[in-house]
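Undergrad: Please find one structure pasted underneath; my questions will follow.
Readers should treat all values here as calculations from the given coordinates under stated rules, not as data from a laboratory. Nothing here was measured: the structure is a model prediction, and the numbers come from that model. Methodologically, a virtual Cβ is constructed for each residue, glycine included, from the backbone with ideal geometry; neighbour enumeration extends over all protein chains shown.
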Amino acid sequence: MTTAAEYKSRVRQTWCSGCGDYGVLNALTNACAALGVERHNLVVVSGIGCSSDLPHFMSAYGIHTLHGRALPVAQGIKMANKDLTVVVTGGDGDGYGIGAGHFLHALRRNLDLTYIVMDNRIYGLTTGQASPTSDRGHKTKSTPAGNPECALNPLALAVVGGATFVGRGFSGEPVHLAEVIRRGIAHKGFSLVDVFSPCVTWNKINTYDWYRPRVVKMESEGHNPADRDAAIRQALREDKLPIGVIYEIDEPTFTDEEPSLQGEPLVKSRIGLTDEEWNKLIGEFG
Ligand SMILES: Cc1ncc(C[n+]2csc(CCOP(=O)(O)OP(=O)(O)O)c2C)c(N)n1
Ligand code: SF4
Ligand SMILES: [Mg+2]
């Protein structure tokens, strides 16, 4: 059995002291340990941003891709080898800004991936510009007079966009967050786990203390995640910020439906070649 600590690499973690992303790394490793995911079957894929450094800190396969492009790479990995557990990690700018087009189509494609977005409502790595989840009026480096745009609502977008699992956690609630991530990974299909993960350096508004009185756990509200209308109502709430599993339904995944993905994983398929032809082909990549 692999312990949570063993899912961490020896690479020095470079996030600022107090960054919410530490809580996400801890929660993810705890969730992997609870599920018994084998490290040689785990791939963590990210884009670019402070949050996207996460795969370096995991002892598993990992790819640090381009800004906004983690989902296409992760989808390719899953299609090539459907036996792998694929976790995608990144930030609000990465996933809901430059990567928003990929996000929308990943929702409706329903490949079995878990997408963890460390949402700090700011561009952290590039030192504090407004992101798609920054509130209207938020003064940042790029919006000194206050953000003129309204914030994108990732949960509502995910539910109406076709996600089969939509959850949210908070780095300040690590045990609860690990359980939401565990359920997201266990879910068969596309899972969004949006995480309130404060940037302690560049976002002085949406701090741990700002979130604490605002978050409300879905378990304490008697929320039924199978009820789509109730999920949309929760996602659109303005009085509180829901955390927990907002929505979960059972639908066939892309892998279940796509004829070319039936049978053994594509990486193990010999596509009709003889042993000799196969070895020659593989040798070209040696
Ligand atoms: C194509 C491209 N455009 C812009 C950038 C610059 N850039 C790097 S990270 C980033 C935003 C990071 O914000 P977010 O995704 O929210 O991650 P965080 O650092 O907040 O965790 C930007 C704009 C880039 N690397 N590549
Ligand atoms: S700049 Fe913000 S998001 Fe980046 S490591 Fe520091 S606290 Fe975390
Ligand atoms: Mg961010």
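Undergrad: Any idea what the relative contact order of the chain is, in percent, if you count C-alpha pairs under 8 Å spaced at least 6 apart?
TA: The value is 18 percent.
Undergrad: Let me know the shape class of the chain, please: from the alpha-carbon gyration tensor, a ≥ b ≥ c as square roots of the eigenvalues, rounded when a/c is under 1.5, otherwise prolate if a/b is greater than b/c, or oblate.
TA: Because a/c hits 1.5 or more and a/b exceeds b/c, the chain counts as prolate.
Undergrad: Taking DSSP loops as anything outside H, G, I, E and B, show the longest stretch in the chain free of GluC sites (Glu not before Pro) there with at most 16 other beta carbons within 10 Å.
TA: It works out to 39-148.
Undergrad: Can you tell which of GLY90, GLY36, GLY184 shows the greatest fluctuation in a Gaussian network model of the chain with Cα springs below 10 Å?
TA: Looking only at GLY90, GLY36, GLY184, the biggest GNM fluctuation is shown by GLY36.
Undergrad: Be a star and scan the stretch 12-34 for residues whose amide nitrogen sits under 19 Å from the point 7 Å along the Cα-to-Cβ vector of LYS204.
TA: Of the residues in the stretch 12-34, 16-20 have backbone N under 19 Å from the label point off LYS204.
Undergrad: Between ARG39, ARG270, ARG214, where does the largest GNM mean-square fluctuation fall for the chain, given springs only between Cα atoms within less than 10 Å?
TA: Maximum fluctuation in the GNM of the chain, among the listed residues, is at ARG270.
Undergrad: Please give me, ordered by residue number, the trypsin sites (Lys or Arg not before Pro) of the stretch 141-194 that lie in loop per DSSP and have at most 15 other Cβ atoms within 10 Å.
TA: Answer by residue number: LYS141, LYS188.
Undergrad: Taking only DSSP H segments of four or more residues, each worth -39500 (n - 2.57), what value at 222 nm results for the chain once the sum is divided by all its residues, to the nearest 500 deg cm²/dmol?
TA: Mean residue ellipticity, 222 nm, calculated: -8000 deg cm²/dmol.
Undergrad: Shifting gears a bit: Percent relative contact order of the stretch 1-75, based on C-alpha pairs within less than 8 angstrom and at least six residues apart?
TA: 33
Undergrad: Going by how many other beta carbons lie within 10 Å of each one, how would you line up MET58, MET79, MET1, fewest first?
TA: Ascending number of Cβ neighbours within 10 Å: MET1, MET79, MET58.
Undergrad: Let me ask something else. Would you please give the residues with an amide H less than 5 Å from that of TYR61, counting only those at least 5 places away or on a separate chain, with H modeled from the backbone geometry?
TA: Amide H neighbours of TYR61: LEU42, VAL44.
Undergrad: Right, next: When DSSP assigns beta bridges and you keep just the ones with both residues in the stretch 5-254, what percent turn out antiparallel, to the nearest 5?
TA: Roughly 15 percent of the beta bridges in the stretch 5-254 run antiparallel, per DSSP.
Undergrad: Given Cα pairs under 8 Å that are at least 6 residues apart, what percent is the relative contact order of the stretch 155-249?
TA: 37
Undergrad: Still on this structure, please answer the following. When we measure straight from the Cα of LYS78, which lysines land under 17 angstrom away, once same-chain ones fewer than 8 places off are left out?
TA: Within the straight-line cut-off, LYS78 pairs with LYS188, LYS268.
Undergrad: With a ≥ b ≥ c taken as the square roots of the eigenvalues of the C-alpha gyration tensor of the stretch 187-286, please select rounded if a/c is under 1.5 and otherwise prolate if a/b is larger than b/c or oblate if it is not?
TA: oblate
Undergrad: Still on this structure, please answer the following. Using alpha-carbon positions, what is the distance between the centroids of the stretch 130-172 and the stretch 90-124, in Å?
TA: 11
Undergrad: Which of these, LEU273, LEU125, LEU104, has the largest mean-square fluctuation under a Gaussian network model of the chain (Cα springs below 10 Å)?
TA: LEU273
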